[in-house]
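Working notes for the structure below.
Laboratory data are not the source of any read-out in this text; all were calculated from the coordinates shown. It should be emphasised that the depicted structure is a prediction, and the values quoted were computed from it without experimental measurement. Glycine also receives a Cβ, built like all others from the backbone with ideal geometry; neighbour counts cover every protein chain displayed.
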C-alpha cells in the first residue's frame with residue numbers, strides 16, 4: 001500500500017477565509033437576514049428579493065453575533081473559527097459550503113503544505 005501523508009489544515013488562513021465569507025458572501029447575508037426575519041415573525045422574507053426588504057442592508061457584512069445566532073452557537077465559537085483557534089465541525093463546514101456555493105469542502109479549507 002502506498003504511503004499517504006497526513007494533511008494539516010492551516011487554521012489561521014482558513015479562519016481568514018471564513019471571516020471573508022461572512023463579510024463578502026451575499027448568499028450568506030441573505031440567509032442570515034431571512035432567518036432573523038423568520039425569528040421575528042416576518043414570514044414575507046424569502047431570502048431572494050432583498051432589494052425590496054428594508055430589514056437588512058445587503059451591502060454591509062453580518063456580524064459574528066448574527067451568524068452565531070443563526071447557526072445556534074455562541075459568538076465566541078465563530079470568533080474562534082475566524083481567529084484560527086479552532087475549526088468548525090464538519091456539519092458547519094458543509095453549511096458554509098452549501099450557503100456560499102462552494103463545491104468541495106477542500107475549497108473552504110486552506111491546507112498547510
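Key figures for this structure:
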{"quantity": "The stretch 97-113 residues near the modelled residue 5 label - backbone nitrogen below 11 Å, point 7 Å along Cα→Cβ", "calculated": "112-113"}
{"quantity": "Ranked by how many other beta carbons lie within 10 Å on average, peptides 70-80, 21-31, 1-11, 98-108 from highest", "calculated": "21-31, 70-80, 98-108, 1-11"}
{"quantity": "Contour minus Cα-Cα distance for residue 38 and residue 85 (0.36 nm per residue)", "calculated": "13.8 nm"}
